[in-house]
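A.B. asks: Encoded as structure tokens, here's the structure I'll be asking about.
The values are calculated or read from the model by the stated rules, or taken from the named source; none is laboratory data. What you see is a predicted model, and the numbers here were worked out from it, not measured in a lab. Every residue, glycine as well, gets a Cβ built from its backbone with ideal geometry; the counts of neighbours run over all protein chains shown.
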Amino acid sequence: MKSLKMMLASVAAGVALATSAYAQTPAAPAPTQQKPTPTLPPATAPATPAAAPQPPRPFPEGSKFAFVDIQVIASNSAEGKGATAKLDELRKKKNTELQSKATALKSMQDKLAAGGTVLSDSARAQLQKDIDKGQRDLEYAQTDAQTEVQDLTNQLQEEFQAKLNPILEQIRADKGLLMIFSSRDAGIVAADMGLDLSDEVIKRFDAAAKSAPKK
């Protein structure tokens with residue numbers, strides 16, 4: 001399920017990117033750049049009408065092979081959307097926690113920098129200890145957050161695949177197919193789009209999710 005892994009990994013990467021930024025002292029804001037003047041299209045250019053959606057092609061009668069797009073299934077099925085929402089919720093929670101720690105650390109750093117001769121030697125030494133501890137706590141929290149997000153990513157991938165596999169097998173059996181390919185992993189360069197069973201998989205996947213007993 002390489003495509004699903006890529007989708008969830010892109011969400012999980014948000015924590016890795018954000019946490020690496022928290023480890024650094026925030027830089028001064030960049031100077032405001034002048035917005036470019038918008039350019040209008042030529043008056044003589046005709047508007048391009050939107051292409052009408054094409055009706056789905058019928059499944060070729062007697063075919064023994066088909067394919068699905070796992071990315072499409074993960075992006076459009078209720079199960080895939082739910083997995084992404086769970087991962088995004090955890091990512092936002094961890095980013096909020098890390099931002100809070102980073103803000104507290106910067107506050108102490110600013111206090112030390114502005115203290116000058118006002119702070120006593122003992123107060124300055126204690127503040128430096130607090131800063132060092134805050135830095136260590138932030139670095140630990142960053143590592144812990146990335147681990148937790150990766151663990152949830154792996155769990156959701158396994159759950160998604162475990163629920164998807166029976167749907168694929170049932171469709172394969174119902175249509176008398178020998179094999180169903182993953183279009184993004186199989187190196188397919190040309191095919192009758194009627195062989196794409198992604199929409200049917202999504203419908204069955206969503207129906208199975210609705211009929212599943214609530215835990």
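A.B. asks: So, LEU127, is that one in a helix (DSSP H, G or I) and either over 32 Å from the mean Cα position of the chain (by Cα) or surrounded by fewer than 13 Cβ atoms within 10 Å (Cβ to Cβ) (or both) or not?
C.D. replies: Values: in a helix (DSSP H, G or I): yes; either over 32 Å from the mean Cα position of the chain (by Cα) or surrounded by fewer than 13 Cβ atoms within 10 Å (Cβ to Cβ) (or both): yes.
In short, yes.
A.B. asks: Right, another one. Go through the residues of region 57-68 one by one and say whether even a single one is loosely packed, with under 15 Cβ neighbours inside 10 Å, free of Cβ contacts under 8 Å to residues at least 12 places away in the same chain and of a type outside the set (D, E, K, R).
C.D. replies: yes
A.B. asks: Is there a residue being closer than 30 Å to PHE160 by Cα and in a helix (DSSP H, G or I) anywhere in region 98-117?
C.D. replies: Yes, there is a match, as at least one residue in region 98-117 is closer than 30 Å to PHE160 by Cα and in a helix (DSSP H, G or I).
A.B. asks: Looking at (1) in a helix (DSSP H, G or I); (2) surrounded by fewer than 17 Cβ atoms within 10 Å (Cβ to Cβ), which one does ILE171 not meet, given that it meets all the others?
C.D. replies: Every listed condition holds for ILE171 apart from (2).
A.B. asks: Also, I was wondering about something else. Only one of GLN150, GLN157 is closer than 23 Å to ALA85 by Cβ, in a helix (DSSP H, G or I), in contact with a Lys or Arg (Cβ under 7 Å, 6 or more places away or on another chain) and not acidic (Asp, Glu); which? Lay out the reasoning, then the answer.
C.D. replies: Numbers: GLN150 fails: in contact with a Lys or Arg (Cβ under 7 Å, 6 or more places away or on another chain).
Among GLN150, GLN157, only GLN157 is closer than 23 Å to ALA85 by Cβ, in a helix (DSSP H, G or I), in contact with a Lys or Arg (Cβ under 7 Å, 6 or more places away or on another chain) and not acidic (Asp, Glu).
A.B. asks: Let me ask another. Of everything in region 150-184, what is of a type in the set (Val, Ile, Thr) and farther than 18 Å from ASP199 by Cβ? Give them in sequence order. If you could, list the steps in order and put the result at the bottom.
C.D. replies: Restricting attention to region 150-184, the residues satisfying the condition of being of a type in the set (Val, Ile, Thr) are 153, 167, 171, 180.
Residue satisfying the conditions is THR153 alone.
A.B. asks: In region 179-215, how many residues are modelled with pLDDT of 90 or more and either hydroxyl-bearing (Ser, Thr, Tyr) or not in a loop (DSSP other than H, G, I, E, B) (or both)?
C.D. replies: 20
Okay, residues lined up against (1) in contact (Cβ under 8 Å) with a residue 12 or more places away in the chain; (2) among the charged types (D, E, K, R):
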| site | (1), (2) |
| --- | --- |
| ASP130 | yes, yes |
| ASP151 | no, yes |
| ALA186 | yes, no |
| VAL189 | no, no |
| ASP199 | yes, yes |
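A.B. asks: Looking at region 91-114, I want the residues that are under 18 Å from ASP130 (Cα atoms) and touching a residue at least 24 places away in the same chain (Cβ under 8 Å) and have a partner that is surrounded by 13 or more Cβ atoms within 10 Å (Cβ to Cβ) and among the aromatic types (Phe, Trp, Tyr) with Cβ atoms under 8 Å, at least 6 apart or on another chain. Which pairs are those?
C.D. replies: LEU98/TYR22; GLN99/TYR22; LYS101/TYR22; ALA102/TYR22
A.B. asks: Here's something else I'd like to know. Does at least one position in region 167-178 carry a residue that is at pLDDT 95 or above and under 30 Å from ARG91 (Cα atoms)?
C.D. replies: Among the residues of region 167-178, at least one is at pLDDT 95 or above and under 30 Å from ARG91 (Cα atoms), which makes the answer yes.
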